[in-house]
1. Would you point out the residue of the range 70-94, among those that are hydrophobic (A, V, I, L, M, F, W, C) and touching a Cys at 6+ places or on another chain (Cβ under 9 Å), that is surrounded by the most Cβ atoms within 10 Å (Cβ to Cβ)?
2. Answer with yes or no whether PHE123 is out of contact with any Ser or Thr (no Cβ under 6 Å at 6 or more places or on another chain) and more than 23 Å from ASN2 (Cβ to Cβ).
3. Does at least one position in the range 42-64 carry a residue that is touching a residue at least 60 places away in the same chain (Cβ under 8 Å), hydrophobic (A, V, I, L, M, F, W, C) and surrounded by fewer than 20 Cβ atoms within 10 Å (Cβ to Cβ)?
4. Within the range 113-142, count every residue that is assigned to a strand (DSSP E or B) and either in contact with a helix residue (DSSP H, G or I) (Cβ under 8 Å, 6 or more places away or on another chain) or touching a residue at least 40 places away in the same chain (Cβ under 8 Å) (or both).
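Taken together, the values in this text are just the output of simple stated rules run on the coordinates, not laboratory data. Please read these numbers as outputs of a predicted model, since none were measured by experiment. As a convention, Cβ positions derive from the backbone with ideal geometry for all residues, glycine included, and neighbour counts pool all protein chains shown.
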Amino acid sequence: MNIRAYLDTDLAAVVELFAASIHELAVHDYDAAQRAAWAPAAPDLAEWSQRLSGQTTLVADAGAGLAGFIACSHDGHIDLLYTSPRHARRGVASALYRAAEQHLRGIGVTEFVTEASLVAAPFFARQGFRVEEEQRVVRRDIEFRRYRMKKTAP
């Protein structure tokens, strides 16, 4: 597995991985309506392209496809972190997170924040994040629970 910078040619694979991750890995925490609102069947690729281009995005390239991706901004906000269901629980998210944190520390960031899903919150807790608040957000008229989490570097 190779961690590398996102390329525009990765867009379709990233969006497909995102949808697969939500629809397969979040089934125990979010119902079908929530998953459909979170990752609709017809994603807006232009919106995705804009979102990813405004951040530092890294992908885990497994050779035969992407194993995961992470997107973060220079203020320490971890916006997206997803792994392919085929590569779940194999260290992909940890490797991506370490690479992103190293990049952010390298530019002087000492505080990291994220809005973690119910699925992702335990992972971020293992990375040293603490829950600041539980949030309720609405996407496409469907409500979701998530956690705003924060980590301050020593």
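1. Checking each candidate, the answer is ILE78.
2. Spelling it out, it is not the case that PHE123 is out of contact with any Ser or Thr (no Cβ under 6 Å at 6 or more places or on another chain) and more than 23 Å from ASN2 (Cβ to Cβ).
3. yes
4. Qualifying residue count, the range 113-142: 6.
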